[in-house]
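The values are calculated or read from the model by the stated rules, or taken from the named source; none is laboratory data. Just so it is clear, the model here is predicted, and its values are computed rather than measured. Glycine gets a Cβ as well: all are built from the backbone with ideal geometry, and neighbour counts include every protein chain shown. Please note that ligands, DNA and RNA were not included when accessible areas were found on the heavy atoms of the full protein model with its side chains. Shrake-Rupley method; radii C 1.70, N 1.55, O 1.52, S 1.80 Å.
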Amino acid sequence: MKNSGMPAGQDSRKGIISWSLYDWGNSAFATTVMGGFFPLFFKAYWSDPANPQASTFYLGSSVSIASIIVALSAPILGAIADKGSLKKRMLFAFAYLGILSTGALWFVRQGNWQLAAVLYILGTVGFSGGNIFYDALLVSVASRKKVDYVSSLGFALGYIGGGLLFLVNVIMFQRPELFGIPDGNTAIRLAFLSVALWWALFSLPLFLFVPEPRTGKREGFSSAVVRGWRQIRETINHIRHLKVVGLFLLAYWFYIDGVDTIIRMSVDYGSSLGFSGGALITALLMVQFIAFPGALLYNLFARKVGIKRAIITAIFAYCMIAVLGYFMKTEAHFFMLAALVGLFQGGIQALSRSFYSRIIPEKRAGEFYGFFNMLGKFAAVLGPFMMGSVTILTGSNRLGILSIILLFLAGGILFARVDQQEGERMAEEYLE
């Protein structure tokens, strides 16, 4: 049989679906916990509802601490995975750290914001750390020809999967009597348990059916750790030589921070403006169900105009969203901004991930995705903390959200200078 040159397992229907279903499962953490009920519950139940500026600062600091932990460990973890063929096992470990921490939120009682923050940090570390290895497995399930489609499919399924569970959780919260639940607070705590179960269940296909790419002789974990540490300096040298990669990572560091900040802090912002919990939750549901077709349609848009122009368009759109957020006054405005976020959120995330896969050496995917996630999470240190700090220093939540525009402007200017063709050429020619 003629050898096609394609690694075993690439473009397999079962592998693609199994890989994408992990996004379906773990996105429930991003929707129900990070974007939805945790900031709402944190402000109204665990923290002091009479001091919204302080709770914004506590939440922003918690997000930043989790991001620092992931950022510092990301390049080491990626190098470990490449050296030891441990991507799936490391993904399993981080996923279940997130799953157990999320389930444990059920036990946190009213007023105990410190324990809630610790569990949230651990859950976020599990979620974000696991995504390092999930992203690195993309090249083992998709060829370069299909990588944009598969990356977009993962995000699209993530939005619909996370959105469906979130919809159930919202009904539980708004109509607890339908489920035999005594009150809304109990419903939210049960929602955290449902996320843990959902995430665990839909992780199974990836662990069962996605192949672990081999990188030569298999190594044990301890040996991989030692080699992983040595790999960091080598990776930095690789990025120095692959100058297009370095410029893209710097641009990504800025603009994805703005995206993550809006995702994680929008409910807190709307709550601080006095919008009702029901309106905030409804807006988040809108984001999920608009983002599902939006991620796939934005992939088609990128095929028409080019992936680079599509990303620049999304960055500009987020600048406008931040500006409009400053002037927002009514719940109707919040709904309109939610619709705009839904249109561009999946597109900018999926296309950034697949753009990066084009300009890095394929056999060092875990190592390079470690840096990709490191810079993304270091950026997420800056955004929430900046928004929280500006809010508490000025006493204005509006100035806090407006400050995020600086991140989009910096990221867009840098990304415009990234030479995609040169990056692809250097990745193909780079000596492994």
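Numbers for the structure displayed
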quantity	calculated
Hits in the range 144-162 - residues which are open to solvent by 10 Å² or more (accessible area, probe 1.4 Å) and at pLDDT below 80	R144, K145, D148, F155, Y159
Filtered residues of the range 23-42 (kept if at pLDDT below 80 and either touching a strand residue (DSSP E or B) at 6+ places or on another chain (Cβ under 9 Å) or open to solvent by 10 Å² or more (accessible area, probe 1.4 Å) (or both))	L40
Any hit, the range 88-107, residues being over 21 Å from S203 (Cα atoms), at pLDDT 85 or above and touching a Leu at 6+ places or on another chain (Cβ under 6 Å)	yes
Condition check for S276: open to solvent by 40 Å² or more (accessible area, probe 1.4 Å) and in contact (Cβ under 8 Å) with a residue 24 or more places away in the chain	yes
Evaluation of M336 against (1) open to solvent by 60 Å² or more (accessible area, probe 1.4 Å); (2) under 14 Å from D260 (Cα atoms) (one fails), failing number	(2)
Given (1) more than 20 Å from V139 (Cβ to Cβ); (2) at pLDDT below 90; (3) crowded, with 18+ Cβ neighbours inside 10 Å, index of the condition A224 fails	(1)
Some residue of the range 326-342 being touching a Ser or Thr at 6+ places or on another chain (Cβ under 8 Å), at pLDDT below 85, part of a helix (DSSP H, G or I) and closer than 23 Å to A251 by Cα	no
Answer residue from the range 232-242, given it is surrounded by 14 or more Cβ atoms within 10 Å (Cβ to Cβ) and in a helix (DSSP H, G or I) and is modelled with the lowest pLDDT among those	I232
In the range 43-57, residue modelled with the highest pLDDT [restricted to those that are under 16 Å from V108 (Cβ atoms) and buried (at least 21 other Cβ atoms within 10 Å of the Cβ)]	W46
Condition met for F133 (open to solvent by 10 Å² or more (accessible area, probe 1.4 Å), touching a residue at least 60 places away in the same chain (Cβ under 8 Å) and assigned to a helix (DSSP H, G or I))	no
Any pair with Cβ under 7 angstrom, 6 or more apart, that starts in the range 107-123 at a residue that is within 14 Å of Y58 (Cα to Cα) and in contact (Cβ under 8 Å) with a residue 12 or more places away in the chain and ends at one that is part of a loop (DSSP other than H, G, I, E, B) and not β-branched (V, I, T)	W113/S47
Residue within the range 2-21 that is of a type outside the set (K, R), modelled with pLDDT of 80 or more and under 30 Å from G270 (Cβ atoms) present	no
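Per-residue answers, yes or no, for (1) at pLDDT 85 or above; (2) crowded, with 24+ Cβ neighbours inside 10 Å; (3) of a type outside the set (K, R); (4) on the phi < 0 side of the Ramachandran plot:
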site	(1), (2), (3), (4)
W113	no, no, yes, yes
A117	yes, no, yes, yes
T124	yes, yes, yes, yes
V139	no, no, yes, yes
E177	yes, no, yes, yes
G184	no, no, yes, yes
R189	yes, no, no, yes
